[in-house]
Amino acid sequence: MTEIAERAPALPARTARRALTPIVPAQNVAGTALVVVIAIMTFLSCLTLGAVTLVRDSSVAWQTEISREATIQIKPGDGVDMDTALVAAQGLAAGFAGVRSASIVDEDATARLLEPWLGTGLDLDELPVPRLVIVTIDPTSPPDFATMRTLLAEQVPGAALDDHRTWADRLVAMARTTVAIGLAILGLMLAATVLTVVFATRGAMDGNGHIIEVLHFVGAEARFIAREFRRHFLVTGLKGAAIGGAAAIVVFVGFSVWSSANLATPQGDQAAALFGNFAIGLTGYLGVALVAATVTILTGATTHFTVAAYLSELDGRQHA
């Protein structure tokens, strides 16, 4: 017996303990579909956040530009010497503290402003066209617009001051509304992602229900089972969030490159006027990373609580 044992071929070396088969299969159709869904949700969420960032930054730029200028408009009328009125309005505005400069918009510049509507070759002397004085102000210490408006009305016939406060208030309201709508859409997308993960987790648990019940009833701790599911769906959420976030970054970079390449075109100028140069900046890219991280964390946390609720239901049926 000893000799036979000594001459018997040695068995190949194996690990002392067999690797455990995961409760949730690493690759299946449901898992792949969930990665795609999470990627789409993350992509749309990042686009929403980026759009809100662009609109907010553009609104701030508009408000800054508006706050730096005011306009004196002089309407033509009987007995109004336009040139004298323009010089008088310019001098009156320039004498106020907080006014950096006051410049008259000459006839050529006025004709260029009207060119898109009235065409070229205009004779402003034959048209009742108001003339403008552009007042550049110090945004940190603006002048007394009420006093300026009163003096203009008294001393310059046909003069009216527009400090653009109405436009600024409308821009602020528009920006706040846009941000609120964007955040609401972002919240809805995250809620949809959570519900999707809940359904996917319940489906995975139902598909492996017999294994989970056996493990649970033979003494496997709930946190062990929950950890296995959380690990699987956390990796799934990380993959989907990374794909969606990367796709959103590619879109923003592509739009920024397109905007830079079309600066001198009508399409590029119109887009730049509305959204700037489509550059969301470091804050925007950090926001994209934050959205991706939030989706990943929500995926893992949602799975954990869903599994805990499922196991509580098992315990309830067992003790019933």
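Computed from the coordinates by the stated procedures, all read-outs in this text should not be read as laboratory data. Just so you know, these numbers come straight off a predicted model, no measurement behind them. Heads up, the Cβs are rebuilt from the backbone with ideal geometry, glycines too, and the neighbour counts pull from every protein chain shown.
Using 0.36 nm per residue, how much length does the chain from Val80 to Leu282 gain when fully extended, once their Cα-Cα distance is taken away?
67.3 nm
Estimated at 0.36 nm per residue, the fully extended path between Thr71 and Phe199 surpasses their Cα-Cα distance by 40.1 nm.
Eigenvalues of the Cα gyration tensor times 5, then square-rooted: what semi-axes does that give for the range 158-245, in whole angstrom, largest first?
Value: 54, 11, 10 Å, ordered largest first.
With a Förster radius of 30 Å applied to the beta-carbon distance between Val105 and Glu154, the computed FRET efficiency rounds to 0.85. Summarised in one figure, the compactness ratio Rg/Rh of the range 76-157, Cα atoms and Kirkwood Rh, is 1.02.
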